[in-house]
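Inspection log for the structure reproduced underneath, given as structure tokens.
The values are calculated or read from the model by the stated rules, or taken from the named source; none is laboratory data. Keep in mind it's a predicted model, so treat the numbers as computed, not measured. For neighbour counting, all protein chains shown are included, and Cβ atoms are generated from backbone atoms with ideal geometry for every residue, glycine included.
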Amino acid sequence: MKLFCSQEELLRSLQIVTKALSNKNTLPILNGLLLETRDDQLYCIATDLEIGIEVKIPEVTIIAPGKVVIQGKTFFEIIKRLSSGRIELILEEKESLFHIKTPKSFFSLHIMPAKEFPTFTEDYKRFKNLDLDQNNQENLSIYSINASLLREAVKQSSYATLPEDPRPFLSSVLAEFSDHCLRLVATDINRLVIKEIKIKGEKKNNALIPIKSLREIAQIFGNDPEEEITILLDQRQLFTMNKGVIISTRLIDSQFPRYEQVIPNEFSGKMKINRHLFLSSLNRSSLLDKAVKLSLSEAGLIISSSEPELGMAYEEINCHYEGEEMEIGFNAQYLMDFLRSIEAEEIEFKLSSGMKASLMKAVNGGEYTYIIMPLRLSA
């Protein structure tokens, strides 16, 4: 194996693919990067068995084809510190060494056993030969999604998950694909988020996607507002692809709770309030205690909090409120998470008395729903 490539393009590709390197040392091979030539192109691949990333590296001249696995983080750090310009990469299989050469630098890395490197499933190769009209294939669904819309949807749902929780439905997001619509549903038990976006594709399918993988997909693909990404979904894996980058993530084999049953239909009161005013007041009140009390009446809203060793806070805010007078407690951080995730000027807050769930959404923002459980107020 021998080739020449651009330091700038190689580094740009490594910044993407190294996101899939394993942070755990359970299998040493998962710390490796696979460099492989196929059809006069150079590909770089990494996986931690949950997420896998393949990037086609541009501006490469291949003298001799081949493949090699090297220690990923070390290779990345070397390339990052090299000067811009052309780099020569050479595999000496007999010596089990991989050389990195520039006019003024030379590195040799020990190679890792390529046969042990876990490869992507062959399903992703179907990307190039399939289109949205082929969704009739058994256990296979294909969709096209605007990358920036997906990134916003992930941002507006991921905060309501628990990434490190061993319970699958708390560390993942439910993706419900239907007729030109994708619905993301997330929960951490105390709250539930439902976010819908438009897509191209009609086949109904559901997938439970690990939140860590979903965040990486949104971060890698979501920078270009005009970018469209292709999603291929089968029973075990989800693939996303655009511009020479393929991301594979395993799906969670588990049941998501029947979330429709917790969506409230009846409320004791309804408030419309300026988002900025509400957020600012909550931010100040939560300095004393994250547990805040909302006192609602036709006169408006009072937010208060207290902590015996610190003191108390009390703020009056103008709002439009209809319904019975009530006092209800919430975790201020949960309220602020929602308010920070949207850009609307005004929000609607439908409240339930007792210990029933309440519902928040932007005014005229039916595609994004936030359901939150109250806190029990101390006497």
In this structure, does Ser141 turn out to be at pLDDT below 90, surrounded by 16 or more Cβ atoms within 10 Å (Cβ to Cβ) and within 26 Å of Gly201 (Cβ to Cβ)?
-> yes
If you go through segment 169-176 one residue at a time, do you hit one that is part of a helix (DSSP H, G or I), assigned by TED's automatic domain parsing to the domain that holds Ile252, at pLDDT below 95 and buried (at least 21 other Cβ atoms within 10 Å of the Cβ)?
yes
The strands (runs of 3 or more DSSP E) lying wholly within segment 233-296 that contain at least 3 residues that are outside the structural domain of Phe338 (by TED's automatic domain parsing) and either without any contact (Cβ under 8 Å) to a residue 12 or more places away in the chain or surrounded by 15 or more Cβ atoms within 10 Å (Cβ to Cβ) (or both) are 237-242, 245-250
Restricting segment 1-55 to residues that are among the acidic types (Asp, Glu) and not in a strand (DSSP E or B), the one farthest from Gly66 (Cα to Cα) turns out to be Glu50
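Let's see how each residue does on (1) among the hydrophobic types (A, V, I, L, M, F, W, C); (2) out of contact with any helix residue (DSSP H, G or I) (no Cβ under 9 Å at 6 or more places or on another chain):
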residue: Leu238; (1), (2): yes, no
residue: Asp253; (1), (2): no, no
residue: Ile263; (1), (2): yes, yes
residue: Glu266; (1), (2): no, yes
residue: Gly269; (1), (2): no, yes
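Of everything in segment 61-115, what is among the polar types (S, T, N, Q) and more than 17 Å from Phe4 (Cβ to Cβ)? Give them in sequence order. Please lay out each step first, then the result.
Filtering segment 61-115 down to residues among the polar types (S, T, N, Q) leaves 61, 71, 74, 83-84, 96, 102, 105, 108.
Within segment 61-115, Gln71, Thr74, Ser96, Ser108 meet the criteria.
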Filtering segment 317-332 down to residues that are in contact with a helix residue (DSSP H, G or I) (Cβ under 9 Å, 6 or more places away or on another chain) and loosely packed, with under 15 Cβ neighbours inside 10 Å yields Asn318
When every residue in segment 247-271 that is closer than 16 Å to Ile209 by Cα and among the β-branched types (Val, Ile, Thr) is compared, the one farthest from the chain's Cα centre (by Cα) is Ile252
For Glu36, the lone unmet condition from (1) under 17 Å from Val245 (Cβ atoms); (2) in contact with a strand residue (DSSP E or B) (Cβ under 8 Å, 6 or more places away or on another chain); (3) loosely packed, with under 14 Cβ neighbours inside 10 Å is (3)
Of the residues in segment 333-379, those that are among the hydroxyl-bearing types (Ser, Thr, Tyr), crowded, with 18+ Cβ neighbours inside 10 Å and not in a strand (DSSP E or B) come to Tyr334, Ser341, Ser352
Please indicate, with yes or no, whether at least one residue in segment 6-22 is farther than 15 Å from Val245 by Cβ, without any contact (Cβ under 8 Å) to a residue 24 or more places away in the chain and either surrounded by fewer than 19 Cβ atoms within 10 Å (Cβ to Cβ) or more than 23 Å from the chain's Cα centre (by Cα) (or both).
no
Going through segment 67-118 in order, the residues found to be under 36 Å from the mean Cα position of the chain (by Cα), surrounded by 12 or more Cβ atoms within 10 Å (Cβ to Cβ) and assigned to a loop (DSSP other than H, G, I, E, B) are Leu82, Phe117, Pro118
